[in-house]
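Single-structure report; data block below.
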Amino acid sequence: MIKISKGTKVIRIFFLFVAFIILFYLLNRIGFTDIFANIKKIHASYLILVIFIQFFIFVLWNLQQNLFIHGIVNIKFFENFPILFAGVFGNILTPGVSSGGEPIKAYFLSKKYKKPGSRFLASGLFVQLLNIFMSLFLVLSAIIVAFFIFPVTNSIALFLEVIFLAVILIMGITYVFTKIGSLRKLSSSIITRLRFLFSEGKSFFKFKNYFLRHVKIFSKTFRALLERRQHIFSGLIVAFLVYLLIFLKKYTLFLAFEQPVSILAIFVISVFSIFLGSITPVPGGIGISESSMILLYFVYGIKPEIAASVVLLDSFVFYMFALGIGYLSLLWLSWKFK
C-alpha cells in the first residue's frame, strides 16, 4: 500500500486551511446572519427536488462506471453502487481531477470479482479521461459565452486567458497520457531508478516484474477500451447529462430563492468554478470552487447573500452524499472484504 509522505500531507492540509480561510472571510463579509436567514426561507419541496437531482447524478455516474466494467465482468446496475460512493469519497480527499478514488474502486472490484485490479483501474481512469475531455470542451465553450454575458473588463479578460491556457496545458498532458504504447518502457525506466530503495537485488526484480506485469495488463485494457467507440460516445453523453443536471440543480436553488438567473450564467459560472477547484492542490477543490462561484455570481449581478445561500446549500447536498454516504460505504466495504 502506497503511503503519503508527511510533507505531502502538510502541504495538502495547508492549502485546505487557506481555502477555508478564504471562504470563511468571504462568507463573513457577506454576513452569516443574512445567509442563514435566506436558507431558512427555502421551501422543503425545492430542497427535496435538489436532493433527488443529486441522487440521479450519482445514478448517471454509476451508469458510466458500468459501461466500461461490463467489458471485464457482467454486473447488475446497482450492484457496485457502494463502490462508486467509496470512490467519490476518495476523490474528495485528493487534489486534482477527481482520480484519487479510482484506486479505491479498483481495489474493491478486484476483491469482489477476483480479477486484476489494474484492469479495473484502467477502466476507471478511462472514464475520468472522458470526463476530462467533456470538462475541457465545456470550459472552452464557457469562455466564448462569457464574453457575451459578463462585462469584459481587463481583470475578466485576464481571468479568461488564464483559464484558456490552463485548458490547453491539461489537454496536452491528457494527450500524452493517451499515448500508452510506450507506457511499459517508461515505467521500466522509472522503476530502475528506484532500485536504491531495495536492500536486496532479488526483492527488487520481484517487485519490478510484478509492477510491469500489471502495467502491461493496464495498457492492454486501456487500448481495448479505446477501440469501443460506441461505449466512448455513450460515456461522453452521460458526462454531458451529468453537467446538465448540475446546472439544473443550481437553477432549482435560485428558483427556491425567487432569484431569476440565466441558465447560461449558471453554465459559465459552474464550469469555471468546477474547473478551478479541479486544478488547485486543495483536496476535492473544497473552498476554492465555492469561493469562486460566489464571487462570479456577484460579478454577474446576483445579491451576495443569495449567491452564498445557493452555493452553500448546493455544496451541503453534494457532500451529504459524497462524504456521508461515501464514508459509510467505505467502512462497509472495508469490513466486507477484510
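We did not get these values from a lab; they are worked out from the coordinates using the rules stated. Just so you know, these numbers come straight off a predicted model, no measurement behind them. All Cβ positions, even for glycine, are placed from backbone atoms using ideal geometry, and neighbour counts span all protein chains on display.
Within the shell of other residues whose beta carbon sits under 10 angstrom from the beta carbon of Phe337, the net charge comes to +4, with Lys and Arg scored +1 and Asp and Glu -1. The Leu331 and Lys111 beta-carbon pair, evaluated with R₀ = 22 Å, returns a calculated FRET efficiency of approximately 0.90.
With both labels modelled 7 Å from their Cα along Cα-to-Cβ, the Lys303 to Leu241 distance reads 3.7 nm. The alpha carbon centroids of segment 12-48 and segment 266-305 are separated by 13 Å.
In terms of other Cβ atoms within 10 Å, Trp332, Trp61 run from fewest to most in the order Trp332, Trp61. Each Lys or Arg adds one and each Asp or Glu subtracts one; over the other residues with Cβ under 15 Å from the Cβ of Ile51, this totals +1.
A Förster radius of 22 Å, combined with the Cβ-Cβ distance separating Phe316 from Val18, puts the computed FRET efficiency at roughly 0.55.
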